[in-house]
Each structure stands twice: as structure tokens, then as C-alpha cells.
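Quick notes on the structure that follows.
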Amino acid sequence: MDLLGTWIAAFLTLAVLSFLYKDNPVFRFAESLFAGVSLGDYVGITLDQTLKPNLFEPLRTKFNL
């Protein structure tokens with residue numbers, strides 16, 4: 001699995017650096033993938049560290065669910 005991650009990281013690095021040549025579909029794919037993964041990570045962390053302990057747990061204990 002580490003080898004696959006290394007190859008994916010190398011491909012995405014080259015895809016981002018391909019913008020130095022000119023704007024192309026490979027760069028746009030890497031840019032969109034980075035934005036999507038970043039947003040998903042942000043939403044997951046927000047749900048786990050903010051909403052779950054401060055909203056869902058108090059509601060569950062208050063209504064005995």
C-alpha cells in the first residue's frame with residue numbers, strides 16, 4: 001500500500017507542476033481532487049470534533065436516545 005501511495009503522490013506532484021508549461025486537463029484534475037479531498041477532510045474533522053461532542057451527544061443524553 002505504501003508503494004501505491006508513493007506513485008499517486010508522484011503523479012499528483014507532476015500534475016501540479018505541469019501548470020508551469022500551460023493550463024491543461026491533468027492540472028485541473030489534480031486541482032479539483034485536492035480541493036475535494038481538503039473539503040472532505042474539513043467536514044469530517046468538523047463533524048467529529050465539534051458537532052458530535054457539542055451537539056449530538058448533549059441531545060442524545062437529554063432525550064435518552
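Assign one of three labels to the chain, namely rounded, prolate or oblate, based on the Cα gyration tensor with a ≥ b ≥ c the square roots of its eigenvalues; rounded applies when a/c is under 1.5, prolate when it is not and a/b is larger than b/c, and oblate otherwise.
Details: a/c = 5.89, a/b = 2.82, b/c = 2.09.
It is prolate, given that a/c is not under 1.5 and a/b is the larger ratio.
Within the accessible area of region 12-55, what % is carbon and sulfur when the probe is 1.4 Å and the other protein chains stay in place? Could the numbers behind the result be given before it?
On the way: 2520 of 3580 Å².
Here it works out to 71 percent.
With runs of 4+ DSSP H residues as the only contributors, calculate the mean residue ellipticity of the chain at 222 nm using -39,500 (n - 2.57) per run, divided by the residue total and rounded to the nearest 500. The partial results should precede the final answer.
On the way: 3 runs with 44 residues, N = 65.
Calculated mean residue ellipticity at 222 nm is -22000 deg cm²/dmol.
Can you work out the FRET efficiency for the pair F19 and V43, with r the C-beta to C-beta distance and R0 = 25 Å, to the nearest 0.05?
Numbers: r = 27 Å, r/R0 = 1.07.
Approximately 0.40, to the nearest 0.05.
Roughly how many nanometres apart are two label points built 7 Å out from the Cα toward the Cβ at F63 and V26?
The two pseudo-label positions are separated by 5.2 nm.
Can you pull the one-decimal nm distance between simple spin-label points at L51 and D2, each 7 Å off the Cα toward Cβ?
With each label point 7 Å from Cα toward Cβ, the separation is 3.6 nm.
Accessible area per residue for the chain in Å², computed with a 1.4 Å probe and the full protein assembly in place, what is it?
With all protein chains present, the chain gives 89 Å² per residue.
The values are calculated or read from the model by the stated rules, or taken from the named source; none is laboratory data. Keep in mind that this is a model prediction, so the values were computed, not measured. So basically every Cβ, Gly included, is an ideal-geometry build from the backbone, and we count neighbours across all protein chains shown. Heavy atoms of the whole protein, side chains included, go into the accessibility calculation; ligands, DNA and RNA do not. Shrake-Rupley method; radii C 1.70, N 1.55, O 1.52, S 1.80 Å.
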